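A.B. asks: Attaching a single structure in structure tokens format; questions to follow.
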Amino acid sequence: MLIRLMIADALRAQGRSVVEASNSEEALIVLASSVPVDLLLTDIRLPSKMDGLSLARSARASRRDLKLVVASSHHAGGDLDAVADAFFCKPYAVNAVVDRVKKLLAESRYAAGR
Amino acid sequence: MRQADRKPGKATETVLVVEDEVLIRLVIAEYLRDCGYKVVEAANADEALLVLQQTDRRVDIVFSDIEMPGGMDGFALAQWVRTNRPGVEVILAGSVTRAVNAASDLCEQGSVPKPYEPQTVHDRIRRLLASRGPRPPDSRASGPKTLCCPPRLISSMTGAASCFLTMRRAAAEDPCAFSRPLQTFRSGLTRRSIPG
């Protein structure tokens with residue numbers, strides 16, 4: 001949770017609008033709502049029945065345009081590379097995550113503008 | 001939300017929003033950020049405690065739902081704050097009947113009934129911060145904040161009067177809830193010390 005706060009603060013300091021979800025269930029509620037979401041950043045280990053990789057798969061299935069960044073203490077293997085746009089191994093530098101988010105969102109805007 | 005009603009808070013004033021329903025939490029959190037507050041979000045009391053236990057992290061106000069899943073509800077959280085972070089003010093949000101039963105002991109400004117308008121929450125926060133005066137935020141040396149007045153001074157104390165009025169309004173809606181909180185309120189006041 002404290003990592004979530006740190007990342008959220010860093011992203012807000014960059015001018016991003018950040019929606020915080022404490023677990024997969026909350027994330028799915030937000031994704032299903034009218035709240036505009038361009039990028040999902042999730043840890044694989046979450047305090048919920050659904051882990052972050054399953055959340056990422058579910059989000060990818062319903063939102064092909066959604067950018068996905070996954071963080072974990074180890075590479076989950078499998079289809080992670082196919083699902084996620086970026087992967088960060090913990091411990092990671094917050095600045096590195098913020099920079100990657102910035103680049104991915106810029107890619108989205110470029111693609112949308114075509 | 002009306003832009004004219006949003007008066008910017010000081011950049012350093014921090015509100016901890018504790019709410020288990022994510023869509024409610026994000027609306028009130030974003031509203032308060034737009035009002036100029038720094039906002040920290042917690043999905044439940046356990047997360048709130050993680051934040052509050054960081055004594056180097058400034059928190060001026062805790063705005064918490066009363067009914068939350070987990071081992072600790074808003075009342076217990078407010079009690080923890082009163083004991084461990086005495087300079088931090090607490091505003092509870094919940095159903096009026098339940099809130100008035102305990103809010104008088106825990107929150108000088110009573111509670112905010114749900115569903116609430118974000119502007120109402122902002123107004124309550126502004127009043128609390130304004131009434132705090134020059135006392136430094138989260139000052140452990142100041143001790144726990146209590147109502148601290150004998151019954152005859154109720155009408156002259158904004159906080160107590162506000163709380164009492166909240167209870168009277170609640171009683172008008174639910175007469176069964178009135179006699180118990182009033183008795184608790186009065187007996188609690190006579191037990192409390194008169195400030196020096």
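The numbers here are math on the coordinates, done by the rules we state, and not lab data. Source: prediction; values computed, not measured. All Cβ positions, even for glycine, are placed from backbone atoms using ideal geometry, and neighbour counts span all protein chains on display.
A.B. asks: Give the order of B:VAL18, B:VAL27 when sorted by the count of other beta carbons within 10 angstrom, beginning with the fewest. Can you show the working numbers first?
C.D. replies: Values: B:VAL18 30, B:VAL27 15.
Going from least to most buried by this count: B:VAL27, B:VAL18.
A.B. asks: Starting with the highest mean, order A:58-69, B:76-87 by the number of other Cβ atoms within 10 Å, averaged over the residues of each peptide. Don't jump to the answer; show the numbers that get you there.
C.D. replies: On the way: A:58-69: 14.9, B:76-87: 18.6.
With the highest mean Cβ count within 10 Å placed first, the list reads B:76-87, A:58-69.
A.B. asks: Let me ask something else. I want to check the label-to-label distance for A:ALA61 and B:ARG127. Put each point 7 Å from Cα in the C-beta direction and report it in nm to one decimal.
C.D. replies: Reported label-point gap for A:ALA61 and B:ARG127 is 4.9 nm.
A.B. asks: OK, next. To the nearest 500 deg cm²/dmol, what mean residue ellipticity at 222 nm is calculated for chain A from DSSP H runs of n ≥ 4 alone, each contributing -39,500 (n - 2.57), summed and divided by the residues? It would help to have the intermediate numbers written out before the result.
C.D. replies: Details: 5 runs with 56 residues, N = 114.
It lands at -15000 deg cm²/dmol.
A.B. asks: With all pairs of different alpha carbon atoms counted, what Kirkwood hydrodynamic radius in Å does segment A:2-81 show?
C.D. replies: Values: mean 1/r = 0.0762 Å⁻¹.
With all distinct Cα pairs of segment A:2-81 included, I get 13.1 Å.
A.B. asks: Another question, then. For A:28-41, what's the mean count of beta carbons from other chains sitting within 10 Å of each residue's beta carbon?
C.D. replies: Working: counts 1, 4, 3, 0, 0, 3, 1, 5, 0, 0, 0, 0, 0, 0.
So the per-residue partner count for this stretch is 1.
A.B. asks: Let me ask another. Helix hunt in chain A: which complete DSSP H runs extend at least 18 Å axially by C-alpha with mean Kyte-Doolittle at least -1.0?
C.D. replies: Numbers: long enough: A:94-113 (29 Å, 0.09).
Span-like helices, by this rule, are A:94-113.
A.B. asks: Starting from the 7 Å offset along Cα-to-Cβ, what nm value, one decimal, do you get for the label separation of A:LYS103 and A:SER54?
C.D. replies: A separation of 3.2 nm, rounded to one decimal place.
A.B. asks: How many partner chain Cβ atoms sit within 10 Å of a residue's Cβ in peptide B:30-39, on average, as a whole number?
C.D. replies: On the way: counts 4, 0, 0, 3, 0, 0, 0, 0, 2, 2.
Mean partner shielding for this stretch: 1.
A.B. asks: Then there is this: Enter the mean number of other protein chain beta carbons within 10 Å of the beta carbon of each residue in B:44-53, as an integer. Working shown, then result.
C.D. replies: On the way: counts 2, 0, 3, 6, 1, 0, 3, 3, 0, 0.
So the per-residue partner count for this stretch is 2.
A.B. asks: If you keep only loop residues by DSSP, which chymotrypsin sites (Phe, Trp or Tyr not before Pro) in segment A:1-104 have at most 14 other Cβ atoms within 10 Å of their Cβ? Show your work: numbers first, answer last.
C.D. replies: Details: sites: A:PHE87, A:PHE88, A:TYR92; in loops: A:TYR92.
Listed in order of number, the matching sites amount to none.
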